[in-house]
Every structure is written in structure tokens, then in C-alpha cells.
Amino acid sequence: MEKKFYDIFPLSCIEHDVIVSAIGDITVAFKATLPELFTLSENDYEALHQVFIKAIKVLPDNSIIHKQDWFLESEYKANFGLTQDSFLSRSSERFFNERPYLDHDCFIMITKKPSGRKAATSLFSNLLRRSIVPEQTIKQHLVQDFLDTAAQFERIINDSGHIMLSRLKELDLTGDEKNTGLIERYCTLQPQANMRLVRDMRFKNEMRIGDDYCQLYTLADAQDLPGYCGSRINYDRYSTDKTKFSIGFASSLGQLLSCNHLYNQYIFIDDQKKVIKKLESKRLRLQSLSAYSRENAIGRDATNDFLNEALSSQRLPVKAHFNVLVWNNEKTN
């Protein structure tokens, strides 16, 4: 059964360079320029990690940070016109001409969900609200407050010196007659922004976009994570017993994964008061059941330790989700 794309498209409009979803979420997007792979030291990774934590703290509750990395198989195209008749420059261009490499683009989106949103059930209806439309989409000062915090997030990241963010405008998101916008490019997996291809989407028995077969791998359960998660890991191929060569913790899903793929990272910032209240309720429930099961006692102690650390160090009440979308023009298992 075929469906028109605009019937299920979740976005409503783009106004003043802000994406507005059909349920009232507002989003601002940035293009990020990241440092090259194998160029940061252990201290650089740790400093960059602390910068992201500082930037996340300025965002309001009920926010979502979406970091999207595009990795596309490409070939280097030499530019002999800029060599200025230098023998070494011409030799370098000839040597690398048509060499395959993995092209990388990075985008960071910050979304603000309407406060007080409840899950849709038969007991709750939009008709019981004072306004069907979320307040943040009709009150200018609420939108401006979110834009101010997003701008502060941008300044903190740019001041680090390692990552540069630039705000995407409306044409960068929607595109024009010559270039494809980020939204259309993502929906149709356009390899380049200056290409305009019309592709069908098929989800029956398999996921296909145009002639490409797609596979989606997701990681949302903490039990599936490695035993150690940090700002960096050692790259064993270039490391020795005396020297440790640092790379990012997720580099194996990024530049080191040699195929066309999209790597999405989501960070959900919850309401701290509600999270702590929920954990307190869970701790009391486990306390009352600890006499009947050792697992309940272990869970009570772990919840209590997390609460104490969160209250003492003001840990962010965040949840994370990761997924990788891989595509190829050949069907693979």
C-alpha cells in the first residue's frame, strides 16, 4: 500500500531558521567542523568532553541534542589549477587524485519539547487543554529564551577551539532549485547537497531508498554498552606499551567504519526534579522489598549511590541513544 510522504511527514514548517514539528517541538540546527582523526591527545579529548558537559548544562529541561555524522565513500579530486607550478604540489595532486576516502559531514540539532507534555492515552485529550497548540510555538518570549540558550551553547563549543559551529539557515534546511536541503538530503540519502535525486522509499520486508539497501542498528539499552565508557580509548594499532595513541570512544562507528553510513547520537535532558523524585520512589520501593530478595537489596544500594552522587555533583539527568544507518546498492545479510 503506497502512502504520500507529506501525509506522514512529522515536520510542520520552518520559520526564522527554526524547525517546527507537527506536535510543537522547535529545533535549531548547526553545522559542526570537527578536528581531524588522530590529531587530538588524551588531554584534548578530556577537555573537549568537559566542554560538551558545560554546554549541555545551559540547555533547559526537556531538551534533546541530536548529533548526526554523515560518512560517504568519495574519491579525491585533484585541483591542478591551485598548484602554482610547484613540482611537489603537482606530484602530490597526481598521487592523491581519485584516491578513495570517507567524506565526513557533521550536524548538531537542539530540540526543545513543550513542557508538560503527557503521553497520549484514552484518559487524556487535547480538548482538555486551555490551548491545543503548545505555548512555546505561539509565545515569542519562550521561543526567544530557547534561541538564547542555543546561542550560548554555540558560544561555549566555539570557545573550545576544537569544534566550530555555524547556524544553518532556512535554505540550508529546505534547499532550493539547485541544492538539496539537509531535511530532504536525510530523507532520500542524497550523497551530496548539490545533487537532486527523486527516490522512492520502500519498507516492505526490507528498507530501501532508491536503489540502496539500508540496515539500521540501534543501541539504547545500557546493558549492551561496553564495560568502560569514557571520553577516549587507546587505538591499539598505533599504541605501544610506553605510548598510548588516543581516539574517540565512538571512532569505530565513525571514520573507522569504511562504508556509507549515518551515525546518530541522541541525548535527552529530562526534568531533574521529576527524575530525582522518581528515583526516590524507586529506592523506597526497593527498600521495602529488600528483605525478600538479594537483587532488590543490590538495586536499592545502586539507586541510593546514584542519588547521592547526583545530588552532590549535580549530575545531569540525561539519557542517551545511538543508532547507525548503513546503506549500499547491493543487498547484504
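Results, tabulated for the structure shown:
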read-out	value
Single match in 263, 217 (criterion: touching an Asp or Glu at 6+ places or on another chain (Cβ under 8 Å), aromatic (Phe, Trp, Tyr), surrounded by 11 or more Cβ atoms within 10 Å (Cβ to Cβ) and closer than 25 Å to residue 110 by Cα)	263
Test: residue in region 263-272 that is in contact with a Gly (Cβ under 8 Å, 6 or more places away or on another chain) and under 30 Å from residue 214 (Cα atoms)	yes
Check on residue 300, over 18 Å from residue 61 (Cβ atoms), out of contact with any Gly (no Cβ under 9 Å at 6 or more places or on another chain), exposed (fewer than 12 other Cβ atoms within 10 Å of the Cβ) and modelled with pLDDT of 85 or more	no
Residue selected from region 276-291 under the condition modelled with pLDDT of 85 or more and out of contact with any helix residue (DSSP H, G or I) (no Cβ under 8 Å at 6 or more places or on another chain), by the criterion most open to solvent (accessible area, probe 1.4 Å)	285
Residues of region 309-333 satisfying the condition of being of a type in the set (S, T, N, Q) and at pLDDT 80 or above	323, 328
Output for region 179-196, where each listed residue is under 22 Å from residue 213 (Cβ atoms) and of a type outside the set (Lys, Arg)	180, 184, 186, 187, 188, 189, 190, 191, 192, 195
Single condition residue 107 does not satisfy, out of (1) modelled with pLDDT of 70 or more; (2) open to solvent by 50 Å² or more (accessible area, probe 1.4 Å); (3) of a type in the set (Phe, Trp, Tyr)	(2)
Any helices (runs of 4 or more DSSP H) falling wholly within region 1-104 and containing at least 1 residues that are of a type outside the set (Val, Ile, Thr) and touching a residue at least 24 places away in the same chain (Cβ under 8 Å)	5-8, 42-57
Filtered residues of region 175-190 (kept if small (Gly, Ala, Ser) and either part of a loop (DSSP other than H, G, I, E, B) or closer than 19 Å to residue 203 by Cα (or both))	181
Members of region 132-181 that are open to solvent by 40 Å² or more (accessible area, probe 1.4 Å), without any contact (Cβ under 8 Å) to a residue 24 or more places away in the chain, polar (S, T, N, Q) and closer than 30 Å to residue 41 by Cβ	none
Single match in 15, 73, 98, 46 (criterion: under 30 Å from residue 243 (Cα atoms) and surrounded by fewer than 16 Cβ atoms within 10 Å (Cβ to Cβ))	46
Flag for residue 238 being under 30 Å from residue 75 (Cα atoms), modelled with pLDDT of 85 or more and open to solvent by 50 Å² or more (accessible area, probe 1.4 Å)	yes
Conditions (1) touching an Asp or Glu at 6+ places or on another chain (Cβ under 6 Å); (2) within 24 Å of residue 61 (Cβ to Cβ); (3) open to solvent by 80 Å² or more (accessible area, probe 1.4 Å); number of the one not met by residue 273	(1)
Residues (open to solvent by less than 70 Å² (accessible area, probe 1.4 Å) and either at positive phi or over 18 Å from the mean Cα position of the chain (by Cα) (or both)) located in region 182-203	188, 189, 190, 191, 193, 195, 197, 199, 201
Segments classed as strands (runs of 3 or more DSSP E), wholly inside region 192-254, with at least 1 members that are more than 29 Å from residue 174 (Cβ to Cβ), in contact (Cβ under 8 Å) with a residue 12 or more places away in the chain and in contact with a Ser or Thr (Cβ under 7 Å, 6 or more places away or on another chain)	232-234, 246-248
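The values are calculated or read from the model by the stated rules, or taken from the named source; none is laboratory data. Quick caveat: nothing in here was measured; it's all calculated off a predicted structure. All Cβ positions, glycine included, derive from the backbone under ideal geometry; neighbour counts span all protein chains shown. Note: areas computed on protein heavy atoms with side chains; ligands, DNA, RNA excluded. Shrake-Rupley method; radii C 1.70, N 1.55, O 1.52, S 1.80 Å.
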